[in-house]
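Readers should treat all values here as calculations from the given coordinates under stated rules, not as data from a laboratory. As the structure is a computational prediction, the values presented were derived from the model and not from experiment. Note: ideal-geometry Cβ built from the backbone for every residue, glycine included; neighbour counts use all protein chains shown.
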Amino acid sequence: MKHTLTAHELTKLLISRDVSSEELTRAVYEHIGKTDKQIGAYITLTKDTAIEQAKEADKRIKEKRGVAPLTGIPIAIKDNMCVKDVLCTCASKMLNDFVPPYNATVINKLRENGLVFLGKTNMDEFAMGSSTETSCFKITRNPWDTNAIPGGSSGGSAAAVASDQAILSIGSDTGGSIRQPASHCGIVGMKPTYGRVSRYGLVAFASSLDQIGPLTKDVWDCAALLEVISGYDPLDSTSLRMDSPDYMSFLNKDIKNIKIGVPKEYFIEGIDKDVELAVKGAIKKLEKLGAIIEEVSLPHTEYAVATYYIIAPAEASANLARYDGVKYGYRAKGEGVDNDLLGMYENTRKEGFGAEVKRRIMLGTHTLSSGYYDAYYLKAQKVRTLIKQDFDKAFKKFDILVTPTSPTPAFKIGEKTDDPLQMYLSDIFTIPTNLAGLPAISLPCGLNKNGLPMGLQLIGDYFDEGKILQVAHAFEQSTDFHRSKAI
Amino acid sequence: MNYEPVIGLEVHVQLSTKTKIFCGCSTNFGASPNTQTCPVCLGLPGVLPVLNKDVVQRAIETALATNCNVVERCIFHRKNYFYPDLPKGYQISQYDMPLGENGWIQIKLDGKVKKIRITRVHMEEDAGKLIHSENSEDLRSRVDLNRAGVPLLEIVSEPDISSPEEAYQYLVSLKQILEYLEISDCNMEEGSLRCDANISIRSVGESGLGTKAELKNMNSFKGVQKALEYEIIRQEKLLGKGEKVVQETRLWNTDLNRTESMRSKEEAHDYRYFPEPDLVNIIVDKEWVSKTRRSLPELPQARRDRLKNEYGLSDYDVEVLTMDKRVADYFEECSKYFPNCKMIANWITGDVLAVSKDRKISINDLNVSPKQLGELLGLIENGTISGKIAKDVFQDMVCTGKDAKQVVSEKGLVQLSDERELVSIIDKIIKQNPKPVNDFRSGKQNALGFLVGQIMKETKGKANPQVVNRILKSKLS
Ligand SMILES: [Zn+2]
């Protein structure tokens, strides 16, 4: 049952050569063959190249040449990151035949470290959604309850890890798209500081909010994967010009006297009772471990969702303008379209995008249009600054803030698809950190009465992923939540 | 009623940086379609722009040369619109925070100097180019994205221009500055310099502005002038009839010499500008500005002043020599090899520029280096050849690239100044022409010219005319 292990358990076996990367990779594919019909985590599998990559990793290990901590570990990639010569669909009809001619920077980094690419995972179309239900291909089911959603938009990545169909995966987080599905699938998911991981090759949704991060079985794996993918990239002007610290060095440390703030605005009416109890229990646990717990106020929290739904769609409306049927991807055909540029544009975008994507493009186009810009976009930017300032103030006093990741456990498939506002609110606790650009993790903190996992969110100051990992690891090691398995 | 035009010009100039503004692709003109492209300038999903610092450097130079204030922090915006030559569906441009603001340049018209204010100088990326099939069987249009991402500067003037002639002079002066900065080849036919014009008219003496039309599609400075002339008359006629000028974009039709309304659907743009989130603030600190200011080349006005003072040239010579920086450079280089600057100026403004214009090549591609021209003039000065022969020698040099001395010796053109030799030839001519000799002695001055002509004919033009004149006169007196 190699595929059920964590990366750090497997790394030991690979280095001791008790297991080969090829065996491991084949075992994962065998499991995918049995499981993914039911879960639907993957859009594309790249078995042939994966086996080649695994063989190469085995060679590296055998020759003790260029072996990194995660060499030979199979990983799943969210289908919005470009891997050269591999289909990159963003779960959209618009890109259902798009094959990028280049690698995203994270992909290069993963390859340099000898990780093995299993395939591309399902997601909400262009990462717009919180349930992976807006994928144009299929829904992904939650491994803990196949009638429930896995969360989104990185639902495929989270479900793949939770169902042992991948040892590790990477996703992208614009408003909670890593942390919320990690929470719903009972795994660890982290959004690093904005700029920590290069966005080059990540198909943009909202450029000032998007950030790539790890989805893993536990905190050790998260730290190891973060170490591989982070770092300055000259191809991304917004990437941080600073060396990434040695994240592993923050593990296995105590958390005595670490000051943890509990933002009162995150324990609102409407939050699920089980979630509230689990998170409060987790806070008690942290206190027992020596942390100093105190309440804190982030007064502008209530405006975060509204602010986000102005800024993100505005940027998206421009980012998605390139899908016009001219150069690549879907192009509408037919009478009145073939010889008419405007008709071609209109029909291509009408037919190529799904409803949620079109809703956001329209929102963004509207808020940027003349006469509305000041009232919406400009004002939202101002509120964004206020939200940042709330956090700045809090981090003057606290090392870490602790909150629920999501107000509820995974909801039922179809439950919120007709109610976009309800869907948007499921990201209420994750959105503020994207607006501020702060790092945050979600890790398991218990199961609800129906056996569904719930997540604890730890938010850190800028560039302080290390401290987040320290607290997360200490919490994880003193609990058994991460050992519960979906299947 | 008497009307006066109010004109503002928007000039787009392609910068001759080695690489594009946001990627490493070459900016060379004329490569086969889509060969100078990469994922970034193709606007593929997932790519990000990285600003070419050289573009900022050139923009600062241009802003300083046009007396603009270089702002310390500026940003890029996205300008959103759909067109097949625009790969991302938006152009990365500058909007309300341009790099340079509030400048001016000087123009000269009919001896009068006028300042035209510059509103802004900003950076942006060029779009690609559509290639429309001319084959009626195949109506498809194709897209060439080699030009997409080539850096552009937009230089916008205030509506300070009050006639088509002034507009023309403004363009000439601006182009001169850009050429002196060596930031662009300013070739309007190749599209490396483009100009749009905003024009309205108003009753003389009125201070408010009339409704303006935006004119596009002019492909020469003269074209801009003609389009403005046409437009003034068109607007005057409309107002004269009591009709209104419609605010719209009009295209200059070069074949029919008229402006034509563009369909309004295409111009009803709301560009939905917003700050480009993929790029960070551009910080131009004081040190960068002052360093650039110190390294600026001499600009046209300064050069005119200097040439006049340093070489004692006339206004006319200075004007002609500085029109093209390369000509002024040529002049100054030549003066290192030949001391008589007035003579160099005469030659350059005369024979040299005539040949350059004739052959439609730049003075640098003339086959005759400044040093070679200096040597040629030296041969005139020391009497080796006459000025007249020198003109033929110059033509020869242009064709062959040979040195003046080589041409003169190969063709045996050395001037005959040896007195003994000349005396015997003169004696022979006097003997052969008794009538003209008598005519001259009886007071007919033209007869002397005839005799000199005979002597020149005898020597195949090589006789030194001064020496001939002197000897002949003394023999006949
Ligand atoms: Zn390029």
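Does residue B:316 qualify as being part of a helix (DSSP H, G or I), surrounded by fewer than 16 Cβ atoms within 10 Å (Cβ to Cβ), within 21 Å of the chain's Cα centre (by Cα) and of a type outside the set (D, E, K, R)?
Spelling it out, residue B:316 is indeed part of a helix (DSSP H, G or I), surrounded by fewer than 16 Cβ atoms within 10 Å (Cβ to Cβ), within 21 Å of the chain's Cα centre (by Cα) and of a type outside the set (D, E, K, R).
Here's a check for you: in the range A:369-410, which residue that is within 14 Å of another protein chain (Cβ to nearest Cβ) and of a type in the set (D, E, K, R) is farthest from residue A:131 (Cα to Cα)?
A:374
I'd like the full set of residues that are part of a loop (DSSP other than H, G, I, E, B) and more than 10 Å from the ligand (Cβ to nearest atom), limited to the range B:1-25.
B:1, B:2, B:15, B:16, B:17, B:18
What residue, of B:361, B:348, is assigned to a helix (DSSP H, G or I), under 17 Å from the mean Cα position of the chain (by Cα) and among the β-branched types (Val, Ile, Thr)?
Residue meeting the stated conditions: B:348.
If you check residue A:65 against the conditions, is it on the phi > 0 side of the Ramachandran plot and surrounded by fewer than 19 Cβ atoms within 10 Å (Cβ to Cβ)?
Spelling it out, it is not the case that residue A:65 is on the phi > 0 side of the Ramachandran plot and surrounded by fewer than 19 Cβ atoms within 10 Å (Cβ to Cβ).
Looking only at residues that are within 14 Å of chain B (Cβ to nearest Cβ) and outside any loop (DSSP other than H, G, I, E, B) in the range A:98-151, which one is surrounded by the most Cβ atoms within 10 Å (Cβ to Cβ)?
A:126
Any chance you could count how many residues in the range B:133-164 are within 16 Å of the ligand (Cβ to nearest atom) and of a type outside the set (Lys, Arg)?
Residues flagged as within 16 Å of the ligand (Cβ to nearest atom) and of a type outside the set (Lys, Arg) within the range B:133-164 amount to 9.
Identify, by number, the condition in (1) part of a loop (DSSP other than H, G, I, E, B); (2) more than 14 Å from every other protein chain (Cβ to nearest Cβ); (3) touching a residue at least 60 places away in the same chain (Cβ under 8 Å) that residue B:85 doesn't meet.
For residue B:85, the exception is condition (2).
Within the range B:150-182, track down each residue that is surrounded by fewer than 24 Cβ atoms within 10 Å (Cβ to Cβ) and in a loop (DSSP other than H, G, I, E, B).
Across the range B:150-182, the qualifying residues are B:158, B:159, B:160, B:162, B:163, B:182.
Can you name the condition, by its number, that residue B:60 falls short on among (1) within 16 Å of the ligand (Cβ to nearest atom); (2) part of a helix (DSSP H, G or I)?
(1)
Output yes when any residue across the range A:22-35 is assigned to a loop (DSSP other than H, G, I, E, B) and surrounded by 18 or more Cβ atoms within 10 Å (Cβ to Cβ), and no when none is.
Scanning the range A:22-35 turns up no residue that is assigned to a loop (DSSP other than H, G, I, E, B) and surrounded by 18 or more Cβ atoms within 10 Å (Cβ to Cβ).
Surrounded by 20 or more Cβ atoms within 10 Å (Cβ to Cβ), away from every other protein chain (no Cβ under 14 Å), more than 22 Å from the chain's Cα centre (by Cα) and of a type outside the set (Ser, Thr, Tyr): which single residue out of B:147, B:58, B:73 fits that description?
B:147
Right, residue B:96: out of contact with any helix residue (DSSP H, G or I) (no Cβ under 8 Å at 6 or more places or on another chain), away from the ligand (no atom under 16 Å from the Cβ) and of a type in the set (D, E, K, R) or not?
Against the criterion (out of contact with any helix residue (DSSP H, G or I) (no Cβ under 8 Å at 6 or more places or on another chain), away from the ligand (no atom under 16 Å from the Cβ) and of a type in the set (D, E, K, R)), residue B:96 qualifies.
Name the strands (runs of 3 or more DSSP E) wholly within the range A:179-273 that hold at least 1 residues that are under 30 Å from residue A:120 (Cα atoms) and of a type in the set (Gly, Ala, Ser)?
A:188-191, A:211-216
Of all residues in the range B:189-205, which are in a loop (DSSP other than H, G, I, E, B) and buried (at least 19 other Cβ atoms within 10 Å of the Cβ)?
Correct list: B:192 only.
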